[in-house]
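Down below is the structure, laid out as structure tokens.
The values are calculated or read from the model by the stated rules, or taken from the named source; none is laboratory data. It should be emphasised that the depicted structure is a prediction, and the values quoted were computed from it without experimental measurement. Glycine also receives a Cβ, built like all others from the backbone with ideal geometry; neighbour counts cover every protein chain displayed.
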Amino acid sequence: MTSEASPTDRAAAVRDAIASAGVGESELHADLVAIDGVGEVVVRDGVASVEVSLPVPSERLREHLASVIADAAAGVEDVDSVEVGFRGDPADPGDRIEMVPDVKNVVAVASGKGGVGKSTVAANVAIALADAGASVGLVDADVYGPNAPALFGLSERTPDTTTADEMVPREAHGVRVMSMGFLTDEDDPVIWRGPLVDEFIKQLFGDVHWGELDYLIVDMPPGTGDVQLSLVQHLPVAGAIIVTTPQEVAVDDAGRGLVGFARYDVPVLGVIENMAGFECPDCDEVHDIFGTGGGDFLAEEYGVPVLGRVPLDPAVGTLAPDEGEDQAVTGAGIDLPLIGRLQLPRTREEREQTGSLPPMALRESGGEARGRLRAAATRAAARLNQAAVQFDH
């Protein structure tokens, strides 16, 4: 026998049950309902349909959230079964400026020192969020060592422009990308003093046609210099992700970067520990080549969560296919007798095809590193939702 409760009351009861179960607290470091991560809830004919609006790139975390949501909702009266869907629609903090009026969240990815894999993490987080349905851009703000063109496999370097003289970002793997690497020759060094860097950083945001974005990921140069100062002074940074490796010297420098953001009231979303152990393919044992505990130390010392630990995997930095793998790209055309093949104009996708592998977050063969990167991106999205909700209140 069913109750006399209205569909609206039943939906509210399901939402309350999910909130009471604390869904997300153990895996996301945030309550899914409290951070506006649950969208529409409908109960009809005994079926509760729950929409998770938080972008969840991690397959493992999607399965986990679907399971605990189903368990929570199943206890509600008149609910016989539960369906859980996912849609990438993050919370909007509402803090906009004229320079980037259509960007919801500006997210800095930073490190205290170079060589810890910051650019690789930034690229993979951006791609994972885009793969989950969010609209994402990436600014390669490391003006002295831009890596985005190589990481995204973008060979054509000069950006297009609009009629308003705005640069148009290149796009790859669902992410709009702008980099100093598109504006200089590949081997040319950039030797600039602070004022030039400040002006260029403003141009990377204000003179680029970004369009509407849920996330604009900013790949910062290492350290706490001019670029970091320009970013926090000119833009409403929604949060910062700190990348470190386990060893002490990297952790010390990462701590300085973390404190630098905190001084400008930029929320630190958490720490991603890169190169966290190497699993030997011959003996299947994990070797802590760079030590252990760096991410945990930062988390405990500064009260921020560890978003993920990415193992040391040579494949993460491998962009070229295996030898012997067919890399040729044949454009559209027609074969004519006695003349040969007449090629038709190549599409943009063909022009930008370089034969490089996609970043690890998209590789089906990515293994543990792929899963850890996508989980870290999911937790970063949850923390951004949390920051947006707190800002709104």
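Only one of these is under 21 Å from A128 (Cα atoms), modelled with pLDDT of 90 or more and among the basic types (K, R): R363, R383. Name it.
Values: R363 fails: modelled with pLDDT of 90 or more.
Checking each option against the conditions leaves just R383.
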Only one of (1) on the phi < 0 side of the Ramachandran plot; (2) at pLDDT below 85; (3) out of contact with any Gly (no Cβ under 9 Å at 6 or more places or on another chain) is not met by D165, so which one is it?
-> (1)
Examine the range 248-261 for a residue that is surrounded by fewer than 20 Cβ atoms within 10 Å (Cβ to Cβ) and touching a His at 6+ places or on another chain (Cβ under 7 Å), and state whether such a residue exists.
-> no
Output the residues belonging to the range 212-247 that are outside any strand (DSSP E or B), among the polar types (S, T, N, Q) and buried (at least 18 other Cβ atoms within 10 Å of the Cβ).
-> T224, Q228, S230, T245
Looking at the range 248-266, is at least one residue assigned to a loop (DSSP other than H, G, I, E, B), outside the structural domain of S58 (by TED's automatic domain parsing) and within 18 Å of the chain's Cα centre (by Cα)?
-> yes
Mind checking which residues of the range 169-203 are modelled with pLDDT of 60 or more and touching a Phe, Trp or Tyr at 6+ places or on another chain (Cβ under 6 Å)?
-> A172, V177
Return only the number of the condition from (1) within 24 Å of R383 (Cβ to Cβ); (2) assigned to a strand (DSSP E or B); (3) β-branched (V, I, T) that I18 does not satisfy.
-> (2)
If you take the residues of the range 89-138 that are in contact with an Asp or Glu (Cβ under 7 Å, 6 or more places away or on another chain) and of a type in the set (V, I, T), which of them is surrounded by the fewest Cβ atoms within 10 Å (Cβ to Cβ)?
-> V109
Six or more apart or on different chains, Cβ under 7 Å: which pairs go from a residue in the range 207-225 that's of a type in the set (D, E) to one that's buried (at least 19 other Cβ atoms within 10 Å of the Cβ) and assigned to a strand (DSSP E or B)? Could you list them?
-> D207/M167; D214/K104; D214/N105; D214/V136; D219/V109; D219/L138; D219/V139; D219/D140
Only one of these is at positive phi and at pLDDT 80 or above: G324, G293. Name it.
-> G293
For the range 150-162, what are the residues that are of a type in the set (D, E) and at pLDDT 80 or above?
-> D160
Candidates V310, V259, V306, filtered to the one that is closer than 16 Å to A108 by Cβ and not polar (S, T, N, Q) | V259
Any idea which of V139, V143, V103, V116 is among the β-branched types (V, I, T), modelled with pLDDT under 95, farther than 19 Å from R374 by Cβ and in contact with a Gly (Cβ under 9 Å, 6 or more places away or on another chain)?
-> V103
Assuming V139 fulfils every condition listed in (1) outside any loop (DSSP other than H, G, I, E, B); (2) closer than 20 Å to M360 by Cβ; (3) not charged (D, E, K, R) apart from one, which condition is it?
-> (2)
